[in-house]
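Computed from the coordinates by the stated procedures, all read-outs in this text should not be read as laboratory data. The shown structure was predicted, so the numbers you read here are calculated from the model rather than taken from an experiment. Glycine gets a Cβ as well: all are built from the backbone with ideal geometry, and neighbour counts include every protein chain shown.
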Amino acid sequence: MANMRQLKFTHHKRQLQIRLRNRIQCTASTLRKNYFAAKIEQLHSFDPHQYWTKTQRILNLKQTNPLTNLRFEGTSDKLAEEINEFFVIISKHFPEVDSFILADLNNNYC
């Protein structure tokens with residue numbers, strides 16, 4: 001297709017050359033989109049960690065340590081209690097776990 005476009009360009013058939021150029025650009029764009037979509041899906045399926053690492057690098061996101069915002073001075077027991085309270089707060093909208101299911105879970109995993 002590209003050779004035919006170039007041939008029409010050298011023979012001064014501008015309208016046909018423009019149509020062929022547009023078709024080539026559209027085809028190239030579609031092929032690039034399909035190629036990268038397949039590559040992204042492949043990377044996401046086989047190695048999610050590397051997928052997110054590369055995504056963050058492409059988007060220029062800074063990789064921050066989530067514990068840097070944790071400002072707590074005290075013993076490790078108090079830190080554990082603070083973390084537990086945090087999870088209680090963010091999960092308070094969940095329904096309570098049925099005590100029968102909880103007892104069954106405790107019996108199976110303890």
Compute the length gained on full extension between A38 and F87: take 0.36 nm times their separation in residues and subtract their Cα-Cα distance, giving the result in nm to one decimal.
-> 13.9 nm
When ranked by the protection proxy of mean other Cβ atoms within 10 Å per residue, highest first, what sequence do the peptides 86-99, 18-31 form?
-> 18-31, 86-99
Placing each pseudo-label 7 Å from Cα in the direction of the beta carbon, Q50 and Q25 end up separated by a distance in nanometres of 3.5
